[in-house]
Each structure stands twice: as C-alpha cells, then as structure tokens.
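Take a look at the structure set out below.
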Amino acid sequence: MSILQDLYDSEINVSVETLWDCGFTVRIGDHLNGFRAERRFEDWGSAETWLRATAISLYPESQFAERYSLPPTRQQQLNLDVTAAFRPGRGAA
C-alpha cells in the first residue's frame, strides 16, 4: 500500500502539487479546513519522508501514526520543526 493511500485511509487530508522543474509542494490539510503544514521539495523521496513524519507529529493518535511511527531517536534525527512547517509564500524550506 502507498503512503498516500494510508493517509487517506486514516482520514488525513493531503495535497501534492507538481510543476515541471519546480519540484513538489506538499500540504497536510485542505482548502475547507485549512492547511496545518506545507513544504516544497525538489525530490519525491524527501517529500514522502517529511509527509510521513509530519503526519505522525500532527496526528499521533491516528492509524497512520500507529503504522508508521519510528523509534523516538530516529524521529529526532529527522530534525523536524512541525510548528514552523507552514510557511506560505516562502518557497522551499
């Protein structure tokens, strides 16, 4: 199963926007309820890593978090600052 399907199954809304030569803009949330996190990446691997870790941080009680959680030391190594993840209009983070 893909990470996007697992997020969907856990009722975690995400948006992925691509434009050739501009990378990926990934958002957690939606237009109706607002976006909780947003970031731009040049490669999908980095986007997927951020998406997984940020979804776990924002929705720690979800089925998604239960399935994808990492040991605490590995989670810390990712150096995620979820509170600063939403930076509209600032381009790549």
When the residues of the range 14-57 are filtered to those that are part of a loop (DSSP other than H, G, I, E, B) and among the charged types (D, E, K, R), which remaining residue is nearest to ARG67 (Cα to Cα)? ASP43
Of the residues that make up the range 2-13, is at least one modelled with pLDDT of 95 or more, out of contact with any Lys or Arg (no Cβ under 9 Å at 6 or more places or on another chain) and not in a helix (DSSP H, G or I)? yes
I need a count of the residues in the range 38-64 that are within 13 Å of the chain's Cα centre (by Cα), closer than 18 Å to ASP6 by Cα and touching a residue at least 12 places away in the same chain (Cβ under 8 Å). 15
Please specify each residue of the range 1-26 satisfying the condition of being more than 16 Å from GLU38 (Cβ to Cβ) and surrounded by fewer than 15 Cβ atoms within 10 Å (Cβ to Cβ). MET1, SER2, LEU4, GLN5, TYR8, ASP9, GLU11, TRP20, ASP21
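The values are calculated or read from the model by the stated rules, or taken from the named source; none is laboratory data. In this text, all values refer to a predicted model and were calculated from it rather than measured experimentally. Don't worry about glycine lacking a Cβ; one is built from the backbone with ideal geometry, like all the others, and counts go over all protein chains shown.
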